[in-house]
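All of the numbers you see were taken from the coordinates with simple rules; none came from a lab. In this text, all values refer to a predicted model and were calculated from it rather than measured experimentally. Positions of Cβ are backbone-derived with ideal geometry, glycine not excepted, and every protein chain shown enters the neighbour counts.
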Amino acid sequence: MDKFNTIEQFRVMERPNYIPQRDEEAIFRAAFESRIPMILKGPTGCGKTRFVEYMAYGLGLPLVTVSCHEDLTSADLVGRYLLKNDETVWQDGSLTLAVRYGGICYLDEVVEARKDTTVIIHSLTDDRRILYLDKTGEVIRAHPKFMMVLSYNPGYQSIVKDLKESTKQRFASLIFNHPDVETESQIIQTESGLDMETSNRLAEMGQKIRELKGFGIEEGVSSRLLVYVGRLIKHGLSPVEACNTAITQTLADETEIMQSINDIASLYFGELMSGNAPVDE
């Protein structure tokens with residue numbers, strides 16, 4: 001299989017279920033057309049990755065996603081020589097494929113990667129738009145449809161794990177937050193198949209649980225976890241059982257905090273489970 005066919009494997013074949021919240025789609029399209037790289041900032045599970053998938057589908061671009069971690073090397077991004085059929089052959093890395101043939105290279109949670117690894121993107125995020133392969137001596141000029149996108153959670157990073165200012169100022173940025181109740185209700189309903197009334201109740205509960213952030217839990221409940229609750233309810237668990245499984249025991253370890261989350265779940269679903277009218281705030 002040649003390298004062109006390899007990049008084709010990264011196409012998003014079905015339209016992702018993403019509900020725009022503001023003008024992020026127009027901003028991303030303008031950045032792509034202007035050849036401006038993007039940083040997406042926001043809390044865990046708020047839709048950053050889904051948004052990139054949605055935009056890749058809408059723009060008709062392959063999406064090469066790299067989940068960054070401290071063991072990620074420059075060779076993982078750029079490529080390496082491999083032994084194949086008694087021959088040494090060069091294999092493009094994830095970044096090189098997108099640069100060479102066009103597509104979005106998405107470095108997810110980029111601050112988790114070593115700084116000496118991510119520095120290789122600098123020449124791709126200014127007017128040069130080139131990638132130098134030091135092992136082969138090749139200089140690749142980025143395909144016109146290449147785009148670099150990074151994401152990270154600024155509220156969850158230490159100073160040690162933050163992007164350098166010299167890197168940040170090479171990008172335009174979009175800030176994501178948890179959606180409002182109406183939008184999150186739609187997300188839960190479409191992702192889980194629950195009825196809208198229960199989905200809305202889950203969204204309201206999620207907003208309430210997020211008020212505990214900084215008071216025993218480091219991160220507020222994500223839309224992803226609320227969708228998990230919805231799917232568990234759809235498959236037979238009671239709402240409180242589903243919340244305990246997907247949210248309480250995921251977010252908290254201390255008994256008091258777990259009880260606080262369960263109390264909130266009971267506030268929204270306790271009477272509903274017993275057959276009485278739902279509790280309103």
May I ask you to list, by number, the DSSP H helices of the chain whose Cα span along the axis is at least 24 Å and whose average Kyte-Doolittle hydropathy reaches 0.0 or more? 255-273
I need the chymotrypsin sites (Phe, Trp or Tyr not before Pro) found in region 169-230, filtered to DSSP loop residues with at most 15 other beta carbons within 10 Å of theirs. PHE215
Rounded to the nearest 5, the percent of antiparallel DSSP beta bridges in the chain equals 35 percent
If R₀ is 30 angstrom, what is the calculated FRET efficiency for the pair ARG224 and LEU267, using the beta carbon separation as r and rounding to 0.05? 0.85
Distance between region 110-139 and region 211-251 - C-alpha centres, whole angstrom: 39 Å
Leaving out same-chain residues fewer than 8 places away, which lysines sit with a Cα under 24 Å from that of LYS234? LYS208
Extension gain (nm, one decimal) between HIS69 and GLU256, 0.36 nm per residue minus Cα-Cα: 64.1 nm
Work out the length of the dipole vector of region 54-145 about its Cα centre, built from +1 on the beta-carbon of each Lys and Arg and -1 on the beta-carbon of each Asp and Glu, and round it to the nearest 20 debye. 400 debye
Reachable lysines from LYS135, criterion Cα separation under 27 angstrom, eight or more residues apart if same chain: LYS3, LYS84, LYS115, LYS145, LYS164
Take the alpha carbon gyration tensor of region 173-266, find the square roots of its eigenvalues, order them as a ≥ b ≥ c, and report rounded if a/c is under 1.5; if not, report prolate when a/b exceeds b/c, else oblate. oblate
What dipole magnitude, in Debye to the nearest 20, does region 3-175 give about its Cα centre under +1 on Lys/Arg Cβ and -1 on Asp/Glu Cβ? 360 debye
Sorted by chain and number, the residues with a modelled amide H under 5 Å from that of GLY79, at a separation of 5 or more or across chains, are GLY93
I need the shape label for the chain. Rule: rounded when a/c is under 1.5, else prolate if a/b > b/c, else oblate, with a, b, c from the alpha carbon gyration tensor. prolate
